[in-house]
Amino acid sequence: GLPAALPTLPLELTVLYNSLLFTVGASDSAIGGEADGIREGLLRVLEVCGACGQDLSTEELWQKVLQEVKVEELQAPLHRLGALQAAWWLAAGRLGSIAGLFQLLSTAEDTGRARCSKGQNELLSLLKAWRVPAEEASLPLVQSAEDLKEILCTAAAFLQGLQELEAGNFPTALSLLQEAAGGFCSKKVLAQIYTCLGCCTQRMGKPQTALQHLKRALQVDFQCLPALSHMAAVYHELGEMDAELQALALLYEALGKNPPAAASSSPYFLIQTELLVHTPILSSLLCHHPPSEVKYLLAQRCLQDGRVDDAVEHYLDFLALLQEGLQQQVPLDGSSALPRIPEVFLEAASALEQAGRHQDAITMCEEVISRTTDLIPRMLRVEERLEQPECPSPGAGLADGLLSQKESLCCLAWRTAGYLHQGWAWAKLGESKEAITQFSRCLGDLLRVRLCGPGIEPTENLLPEREVLQKIRLLSLIGRGTQFLELGRHKEALLDFQYGLQISPGDPAAASYLVQALWKLDRKQEAVAHWQKLSQSIPGEEGQQEGKGRALPLYLVSCLEQAMFPHSEHLASSIQDYLGTAAQDTS
């Protein structure tokens, strides 16, 4: 409440500077809002000079003070207070305000030096060109202005690098992040900067350089787990499965331990880079994946790579985590790598089946079938237009026992895929009749779908589900047809293969089995005609079919492989012998 006095004002501004630093350091959280204390200090300065500025904004107030107040004793305290103001504005992302402030703080000589390096980055050039005022022994500071300047330079480079990264300007982002990496910060922040450098170079198409940056991040701070997660993603991009699995295993092990204590920081630096840089893209790049998600990735990668025994172990571990309630850690905003829970069960069944554990696979599928039975209407009428949004989470889409059309199609796909897997599992066990029963149940459920409305094509929103259901129908027909062949019921097998070709004309597996069925029925001329037509099909068509298989859900890939015709060479040899004999008889 005392009036401002020039002799004591330098001390007053220094006390204000120190108290604001202590306030920030004590909160240990990101700086936010306005620094009201700074505004009050500037008004006190104007009061001494006989001026006022109550109606001015903070930027206008700084401009008025620095242009009108020329008292030598106030220059150093005002410069320090200006650096503190820059920290607040930097935390708020007001980079233009900071540049304007430091243009006012800089002398003509400083501005000239900044202009020389303007091609690099205007804000960084202004910060570097700013001459820090000398400290007075009689006015001790809790954090020197020189240290604060270095932190501002590092934070400004880091923040602008992140902004350029988000905007897709990767070369500029790389330059700014490299500038930040050479700056003044804690090991924790340095590891974060190297992680961002890794993400930037990965997006630039330089995976090996990205790996170098990510390894550097872990060397600086071994607790920087997001770097390990990004390393796994880069190895996946490179197709280095062993390295990816090792990175994921290390990540899962690290996440299973007690959360590490926050990295210790020097008590002399109350304002640090981590308090100034907090943006959504940084949070996204440094997000921690829950242990359940990492375990699922391990299972999925092993299954994709054919390591079925490891896949089975990881899938069962993941399902155990779900039993413990760790699925609550999974975000429902679409950022998770986890699929819907029924798909995980079906993938686990696929792994069990490939590992020769057919009964376990049947049991796993039964869980999916039993849980989706009551969710599917007796007749599913798919309208031409769909208004309901997609429901991303397992519980979403359920309201008073009703499901959207899209959700109903998903449930139908899971249920029929369960029957499909059970059919192939029973076939592997040599139980052809039981296999036929499961394939028939699958086909019976698929008859529930009816497309309604004036159009005959499914809406684009429903197209993926329709394609999956069509593929399941085809695989079930092929599966049932093969079991009919095993039982000597060749006519019924022939019908299934013909229906399969109606669903997917030109499918090489269905066409090959059709030829075999005709051959077994002693309709050899028809078999030869179909075989010649199949042999003369467009080159690469079979590869296109396989490509479609890769685009399918992971839980259907093994069924697609089982449906492939295994006797091509033998059947081709028999047909060639028949054609040779027929040619001799004709001559």
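Total residues in segment 52-72 satisfying the condition of being of a type in the set (Lys, Arg) and open to solvent by 100 Å² or more (accessible area, probe 1.4 Å): the figure is 1. Please tell me if residue 299 is under 18 Å from residue 418 (Cβ atoms), surrounded by 18 or more Cβ atoms within 10 Å (Cβ to Cβ) and at pLDDT 95 or above. So residue 299 does not fit the description; no.
Taken over segment 184-213, the residue count meeting the criterion of being among the β-branched types (Val, Ile, Thr) and closer than 12 Å to residue 227 by Cβ is 2.
Run residue 378 past the list (1) assigned to a loop (DSSP other than H, G, I, E, B); (2) at pLDDT 60 or above; (3) open to solvent by less than 50 Å² (accessible area, probe 1.4 Å) and report the number of the one that doesn't hold. Checking residue 378 against (1) assigned to a loop (DSSP other than H, G, I, E, B); (2) at pLDDT 60 or above; (3) open to solvent by less than 50 Å² (accessible area, probe 1.4 Å), the one that fails is (3). Of all the criteria given as (1) open to solvent by 20 Å² or more (accessible area, probe 1.4 Å); (2) at pLDDT below 90, the one not satisfied by residue 409 is (1). In segment 401-451, how many residues are part of a loop (DSSP other than H, G, I, E, B), hydroxyl-bearing (Ser, Thr, Tyr) and under 20 Å from residue 363 (Cβ atoms)? Qualifying residue count, segment 401-451: 0. Remark: pairs (first residue in segment 49-78, over 26 Å from residue 146 (Cα atoms); second residue part of a loop (DSSP other than H, G, I, E, B); Cβ separation under 8 Å; 6+ apart in sequence or on different chains) = 49/69; 49/71.
Within segment 431-479, restricting attention to residues that are modelled with pLDDT of 95 or more and loosely packed, with under 15 Cβ neighbours inside 10 Å, which residue is farthest from the chain's Cα centre (by Cα)? Among residues in segment 431-479 that are modelled with pLDDT of 95 or more and loosely packed, with under 15 Cβ neighbours inside 10 Å, the one farthest from the chain's Cα centre (by Cα) is 433.
Screening 582, 509 for residues that are at pLDDT 80 or above and small (Gly, Ala, Ser) leaves exactly one candidate, 509. The number of residues in segment 88-100 being surrounded by fewer than 23 Cβ atoms within 10 Å (Cβ to Cβ), part of a helix (DSSP H, G or I) and among the aliphatic types (A, V, I, L, M) comes to 3. Scan segment 114-148 for residues that are open to solvent by 20 Å² or more (accessible area, probe 1.4 Å), at pLDDT below 85 and assigned to a helix (DSSP H, G or I) and the total you get is 2.
Looking only at residues of segment 488-504 that are touching a residue at least 24 places away in the same chain (Cβ under 8 Å) and farther than 15 Å from residue 565 by Cα, we find that the one that is least open to solvent (accessible area, probe 1.4 Å) is 504. When residue 515 is tested against the conditions (1) surrounded by 21 or more Cβ atoms within 10 Å (Cβ to Cβ); (2) within 21 Å of residue 528 (Cβ to Cβ); (3) at pLDDT 95 or above, the lone failure is (3).
Of the residues making up segment 323-339, not one is touching a Ser or Thr at 6+ places or on another chain (Cβ under 8 Å) and modelled with pLDDT of 85 or more. Every condition in (1) assigned to a loop (DSSP other than H, G, I, E, B); (2) open to solvent by 60 Å² or more (accessible area, probe 1.4 Å); (3) not basic (Lys, Arg) holds for residue 171 except the one numbered (1).
The values are calculated or read from the model by the stated rules, or taken from the named source; none is laboratory data. Quick caveat, the model's predicted, so the values are computed rather than measured. A quick note on method: Cβ atoms are made from the backbone with ideal geometry, for glycine too, and the neighbour counts reach across all protein chains shown. Heavy atoms of the whole protein, side chains included, go into the accessibility calculation; ligands, DNA and RNA do not. Shrake-Rupley method; radii C 1.70, N 1.55, O 1.52, S 1.80 Å.
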